[in-house]
Amino acid sequence: MMASTDFSHGQKVEQNAQETSHDIHDEVSNDGARRFIAVTAATALLIAACGLWFIPSVDSATQLIKAFVSLSMIAAGMYLLHGISARSIDPQIAVDPVKRELRVYEYDRRGRATMKAKHCLDELQDVKISEHQVTATNAHGVLILDMPIESPETEKALRKALQS
């Protein structure tokens, strides 16, 4: 088993390369479950907002309450649907200290991970971690990585992985 460390925006650091490949796919399937629940809840809210008007009301106060409740349901349903389409598809970094590689994974709109690039750590000329940002250049001075780091834990783990 080889050791590996994954870094992404606010996600945990993994220590096993085989677990890492499974975790990427597990994360995608968990994301699929979250999407299904969000779409189901949003659909239920939008249908309920329309269905609320099939209930007869006798006075204007009841209609005002129904208007407020239905608008709230529509807003909540639209928020859930917007959250699905605007979800983060930020890249993920994996550092493998055994193979001495830095890998960059990107996600498509469906949440599928693909390896975008693989770089040998020995070939990296300059790796800087500062102000919640990581940048790396190769031996020719070409910028190959420039990503934000959102959590201090991820920043600390990245520093530790690159030192080994």
For Arg100, other-chain or 5+-apart residues with amide H closer than 5 Å (H placed, Pro excluded) are none
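Report the FRET efficiency, 1/(1 + (r/R0)^6), for Lys66 and Val39, where r is their Cβ-Cβ distance and R0 is 41 Å, rounded to 0.05.
Values: r = 25 Å, r/R0 = 0.61.
For R0 = 41 Å, the calculated efficiency reads 0.95.
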Could you list which residues have their amide H under 5 Å from that of Ser151, counting only those 5 or more apart in sequence or on another chain, with H placed in the peptide plane? Gly10
How long are the semi-axes of the equivalent ellipsoid of the range 100-152, defined as square roots of 5 times the Cα gyration tensor eigenvalues? Whole Å, largest first. 21, 16, 9
Going by amide H atoms built from the backbone, whose H comes under 5 Å of the H on Ile144, apart from near neighbours? Ala136, Thr137, Asn138
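Could you tally the net charge around Ile129, taking each other residue with its Cβ under 14 Å from the Cβ of Ile129, Lys/Arg +1 and Asp/Glu -1? Could you put the intermediate results ahead of the total?
On the way: positive: Lys128, Lys156, Arg159, Lys160; negative: Asp126, Glu131, Asp146, Glu150, Glu153, Glu155.
Overall, the nearby charge balance is -2.
We did not get these values from a lab; they are worked out from the coordinates using the rules stated. No experiment lies behind these values; they were computed from the predicted model shown. Neighbour counts are summed over all protein chains in view; Cβ atoms, including those assigned to glycine, are modelled from backbone coordinates with ideal geometry.
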